[in-house]
1. Just to check, using Stokes-Einstein with a Kirkwood Rh over alpha carbon pairs, what's the diffusion coefficient of the range 57-171 at 20 °C and 1.002 mPa s in µm²/s?
2. How much net charge surrounds Leu140 when only the other residues with a Cβ under 15 Å from the Cβ of Leu140 are counted, with Lys and Arg +1 and Asp and Glu -1?
3. What is the list of residues in the range 226-270 whose amide nitrogen lies under 14 Å from a point 7 angstrom out from the Cα of Arg280, following Cα to Cβ?
4. Can you tell me the order of 245-254, 353-362 when each peptide is scored by its average per-residue count of other Cβ atoms within 10 angstrom, highest first?
5. Starting from the 7 Å offset along Cα-to-Cβ, what nm value, one decimal, do you get for the label separation of Asp63 and Ala362?
6. Over the range 224-365, what portion of Cα pair distances is larger than 24 Å, expressed as a whole percent?
7. Once R0 is set to 35 Å, what does the formula 1/(1 + (r/R0)^6) return for the Cβ-Cβ distance between Glu187 and Leu79, expressed as a FRET efficiency to the nearest 0.05?
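Derivation of every value follows stated rules applied to the coordinates shown; laboratory data play no part. Since the model is a prediction, treat every value here as computed from it, not as a measurement. Cβ atoms come from the backbone with ideal geometry, glycine included; neighbour counts cover every protein chain shown.
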Amino acid sequence: MDRGGTVFPGTAPPRDAPPRDETPAPGRTALGRTVAAERAHPTVAAPANGEDRATEAALRPKDLDGFIGQERVREQLDLVLRAARQRSATADHVLLSGAPGLGKTTLAMIIAAEMGAPLRMTSGPAIQHPGDLAAVLASLTGGEVLFLDEIHRMSRPAEEMLYLAMEDFRVDIVVGTGIDATAMSLELPPFTLVGATVRAGMLLPPLRDRFGFTGHMEFYEPAELERVIHRSARLMEVEIEPAGAAEIAGRSRGTPRIANRLLRRVRDYAQVTADGVVTREIASAALGVYEVDGRGLDRLDQAVLHALLKLFGGGPVGLATLAVAVGEERETVEEVAEPFLVREGLLARTPRGRVATPAAWAHLGLVPPPGPSWTASPAPHRNGGSAQDGPPGARTGPTASPAAPRPPSAPFPVTQVPSGPPHHP
């Protein structure tokens, strides 16, 4: 140790030396700046407020009677669960498909609550090896409900292991490698698998066929979303008028999750700028601040439409070009913006690219350029294709006049070659 009190490696500080201060120097690291601020203003930090988290949990209904919408799925699922309870048996495996935010996770929780069984939650991306699935299945108890979200993203080997587990409540695992490998059969207690997916077509038929009940979640009607908003407002202790709830419902894209999210943002706006009461005017002003227009289009949706109409004249334009124009990834435009725009009839996917519909021009208050409508079928081409396959600059569409017939070309001169032996003069 030197005289300044610095301890070198391999040496110990003297017994009477004060303890070292391990706090980073203020200003050098984020931790050091935080400690310096606490020293300058010694206040006791308030604990994290769990009100928002408790509200989120309270917004989910606890039984089928409190679940709003999806009347057909609720009726069918109620029969499945009631019959299983009367037989004192586990419920059949359930597959729920539909767009995100329609209540698949909530229904899984309701199934567990209706059956009086614990709920185990995992997701398809977390199960990439058969061993991962075997570990989850081996820890299940009798009658437990296993919720597997995004089941279509599970690996194929794990999916094939799930076949036997769903049908015979058994999994076959291999312990060891090489000549020391041993096959073992692990018996499982009866359980209920609830799978959720947004792409049911990506599931292999053997897996889909092993589900005893398959329910497809539809988008909500505005009247159903108003009921969802009134219920959420009551649980959040927000005073809302029927016109305000209708304004939020009309911009929620038919999805309860989006309706609850917009309700929270409108609540904040009403609390800060008004007396806390959500009216139609307050809801419209708040959603305008958050760039949600009257049909529910958000910033990305509006950017896609503006680029398609103003930069490319309504199309057709390729997806990659459109993504570059709005500054987003191709997958983001295709999976986030396009489904809603297509469902609203504002955008169409064609073999030649993305095309704006007349409703898109009307929604943005623009006048479409003169020319054939995008909905018109192309004129037949003389080679069996369409007139759109012609050279650049050629007129296309049904309004293009048919090409004039080509005049027959003059025959080439043919020289007659005399037959027989050559004649020598």
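1. Details: Rh = 15.1 Å.
The calculation lands on 142 µm²/s.
2. On the way: positive: Arg120, Arg170; negative: Asp132, Glu144, Asp168, Glu187.
The answer is -2.
3. 241-251
4. Values: 245-254: 23.6, 353-362: 18.6.
Most protected by this proxy first, the peptides run 245-254, 353-362.
5. 4.6 nm
6. Numbers: 3792 of 10011 pairs.
Tail of the P(r) past 24 Å holds 38 percent of the pairs.
7. Working: r = 30 Å, r/R0 = 0.85.
After rounding, the FRET efficiency stands at 0.70.
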